[in-house]
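Read the structure below first, then the notes.
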Amino acid sequence: MAFVHLSTNNSPIFVKDYQLRSTLSFIYQNICHALVNEASKQLMPYLSLCAVLDQLGICYDRKDKIKPRYSNGIKRALVNFSELDEDDKLIDVLYALRNGLLHNLSLTSFDKYKNKFYKFRYNSEIEDIYQDAEIEWNGNYVTLDTDPEKYTTHINVEKLQALVFGSIDKANDLNQNSLLELRLEGGLRQLYFDYVRAVRIE
């Protein structure tokens, strides 16, 4: 079932009397489409890429390494499948980005665990996935009146896409080598009913 779930093909997989396709495959194709469409490339890819990481981290662990200390899905995925160190700053940045966007489509975010404020902007010109703000923002909006750019953390969506799609590839590779472990409480049934669309073939 993990093979079906992790498939990114733009077509269903046929099993007995059913066509199966995962929500992961739908969102993968939606990301690819959104990134070439000017009307959708500014926001939707970021939401979707973070959702993919969340889903990977919620669903799977690795058998070949120690489980991450994090309970959060996106953080677990970044350690397990993007193979970041647990203390990599990118984990905190993407967690904050995801929280701001997911909770209320905000370009600002507060990480209560690290007591850190963020103001985000999308920027395809930077060389890495993110570029730190020149000055750490203190959460006071009056501060932004003067020169908001100095307090802005930049995010490159193309680089983020490469990281996330590479994480899916890593999970697939681990699955093919029997090194992927399902961590859902409901097991395979939960994976199937939560994340796979099944259409009966008439």
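The values are calculated or read from the model by the stated rules, or taken from the named source; none is laboratory data. Keep in mind that what you see is a predicted model, and the values were worked out from it rather than measured. Backbone-built Cβ (ideal geometry, glycine too); neighbour counts: all protein chains shown.
Determine, yes or no, whether Gly57 is at pLDDT 95 or above and small (Gly, Ala, Ser).
Numbers: at pLDDT 95 or above: yes; small (Gly, Ala, Ser): yes.
Taking the combined requirement at face value, the residue satisfies it.
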Taking region 87-109 as the region of interest, how many residues are surrounded by fewer than 19 Cβ atoms within 10 Å (Cβ to Cβ), in contact (Cβ under 8 Å) with a residue 40 or more places away in the chain and in contact with a strand residue (DSSP E or B) (Cβ under 7 Å, 6 or more places away or on another chain)? 1
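Name the residues in region 111-125 that are part of a strand (DSSP E or B) and among the charged types (D, E, K, R), would you? Full working, then the answer.
Step one: filter region 111-125 for residues part of a strand (DSSP E or B), giving 111, 116-122.
Passing the criteria: Asp111, Lys116, Lys119, Arg121.
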Filter pass, Val79 being modelled with pLDDT of 95 or more and closer than 18 Å to Lys159 by Cα: yes
Filtered residue count, region 127-172, keeping only those that are in a helix (DSSP H, G or I) and under 18 Å from the mean Cα position of the chain (by Cα): 16
Determine, yes or no, whether Lys67 is part of a loop (DSSP other than H, G, I, E, B), over 29 Å from Ala198 (Cα atoms) and of a type in the set (Lys, Arg). yes
